[in-house]
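**Student:** Here it is: the structure, laid out below.
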Amino acid sequence: MQKDLLKLLDLNKTDIVKILDTADQLKYNQKHGLTHHYLEGKTLAMIFEKNSTRTRVSFEVGMFQLGGHALFLSGKESQIGRGEPIEDTARVLSRYCDGIMIRTFGQEEVETLAKYSSIPVINGLTDFAHPCQVLADLMTIREHKSRLEGLKLCYIGDGNNMANSLIVGGLKVGMEVAVACPEGYDPDPRVLDFANSCGGKFTLCRDPKEAAADADALFTDVWASMGQEGEAQKRRAVFEGVYQINEELMKLAHPGAMVQHCLPAHRGEEITADVFEAHANEIFDEAENRLHAQKAVMHLLMGGAG
């Protein structure tokens with residue numbers, strides 16, 4: 001394992017599978033009342049410059065279940081929000097805490113934090129990557145399908161941080177990955193360079209029907225992510241009526257195909273209410289697995305088990 005979890009591009013297949021295997025064991029322990037206080041006496045600093053429900057609750061509960069303590073730091077209420085350099089924040093928190101989780105806008109901020117930190121840094125989300133979410137996604141697919149390699153993962157919508165991380169994560173574990181985005185809303189060029197050079201089976205297209213054909217797991221996300229609210233109307237005009245997981249699209253997928261959504265979902269936009277409710281158990285298994293996947297990451301990085 002790496003010292004940090006900054007993006008899935010930094011991990012190899014062995015790293016990802018080790019996290020998923022650890023997450024499975026921690027989930028089993030939690031469901032069967034088995035104590036696993038691997039981080040007893042340790043503290044995670046949680047820096048939030050973007051609001052959150054799932055990220056904050058899952059990390060905070062996860063640290064509690066691992067026997068440690070999570071400390072919430074709002075960007076508005078800390079010195080980061082008043083302009084303290086991220087380099088100084090990294091060095092200060094390294095002297096107080098045992099790990100840092102950050103949810104912010106720029107990937108460069110996370111990379112700088114890790115460069116100047118002597119303790120593990122975990123990317124809770126940036127505009128470029130959402131590694132913890134995709135680890136939970138892969139965990140959920142494996143739970144439901146008993147494997148990852150050879151399955152087809154399809155993503156419909158904006159080429160955002162979810163698309164970036166799903167492409168990388170899916171290809172690294174041996175899945176076929178197909179992505180349908182409108183022109184001008186493609187995934188990051190660094191991710192596309194990886195996808196086209198890694199030797200895996202990858203397709204980027206404009207037609208959701210092409211991407212969804214024979215898919216085993218279909219993903220989507222909101223058309224306008226946090227920080228893009230001012231573009232919502234423009235994006236709606238581009239995405240509406242085409243880039244949506246609906247019954248018509250599901251008929252093209254493999255029989256028994258899963259649907260996944262990182263939440264929050266805008267029913268009637270990127271996914272219909274009927275499809276969402278038909279696959280709600282899978283989607284909320286995915287949401288729950290944020291807890292277990294992140295516990296695995298914290299255990300491996302902060303508990304000396306990596």
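**Student:** If I take R0 = 22 Å and measure r between the Cβ atoms of E240 and T203 in this structure, what FRET efficiency does the formula 1/(1 + (r/R0)^6) give, to the nearest 0.05?
**Tutor:** Calculated transfer efficiency: 0.40.
**Student:** Taking the alpha-carbon centroid of each part, what is the distance from the range 256-306 to the range 109-148 in angstrom?
**Tutor:** A separation of 13 Å, based on Cα centres.
**Student:** Return the Rg/Rh ratio of the chain with Cα-based radii and a Kirkwood Rh.
**Tutor:** That ratio is 0.96, to two decimals.
**Student:** Quick check: residue separation of N196 and E288 times 0.36 nm, minus the Cα distance between them. What number comes out in nm?
**Tutor:** Stretched fully, the N196-E288 segment lengthens by 29.9 nm.
**Student:** Taking neighbour Cβ counts within 10 Å as the exposure measure, how do T89, T272, T53 sort from fewest upward? Intermediate values should be presented prior to the final figure.
**Tutor:** On the way: T89 23, T272 18, T53 10.
Taking fewest neighbouring Cβ atoms as first place, the list is T53, T272, T89.
**Student:** Could you name the lysines in cross-link range of K13, using Cα to Cα under 22 Å and dropping any fewer than eight places away on the same chain?
**Tutor:** K3, K27, K145, K152, K172, K201, K295
**Student:** Another question, then. Report the full-extension gain for the segment D21 to H69: residue separation times 0.36 nm, less the Cα-Cα distance, to one decimal in nm.
**Tutor:** Numbers: separation 48, 0.36 × 48 = 17.28 nm, distance 2.38 nm.
Result: 14.9 nm gained on full extension.
**Student:** In what order do Y155, Y116 fall by count of nearby beta-carbon atoms within 10 Å, going from fewest to most? Intermediate values should be presented prior to the final figure.
**Tutor:** Numbers: Y155 30, Y116 17.
Sorted ascending by nearby Cβ count, the order is Y116, Y155.
**Student:** Now for a separate question. Could you list C132, C198 in order of exposure, starting from the residue whose Cβ has the fewest other Cβ atoms within 10 Å?
**Tutor:** Values: C132 27, C198 13.
Lowest count first: C198, C132.
**Student:** While we're here: Rounded to the nearest 20 Debye, what is the dipole magnitude of the chain about its Cα centre when Lys and Arg each give +1 and Asp and Glu each give -1 at the C-beta?
**Tutor:** Working: 32 positive and 44 negative charges, 161 e Å.
Charge dipole of the chain: 780 debye, to the nearest 20.
**Student:** Just need the relative contact order of the range 133-286 here, percent rounded to a whole number, with Cα pairs under 8 Å and 6+ apart.
**Tutor:** 25
**Student:** Most fluctuating residue of M101, M139, M250 in a GNM of the chain with Cα springs under 10 Å: which is it?
**Tutor:** Fluctuation is largest for M250.
**Student:** Grab the Cα-Cα distance for A232 and D88, subtract it from 0.36 nm times how many residues apart they are, and report the gain in nm with one decimal.
**Tutor:** Value of the extension gain: 48.3 nm.
Every read-out reported here was derived from the displayed coordinates using simple, explicitly stated rules and does not represent laboratory data. The shown structure was predicted, so the numbers you read here are calculated from the model rather than taken from an experiment. Here the Cβ is made from the backbone with ideal geometry for all residues, glycine too, and neighbour counts use every protein chain on show.
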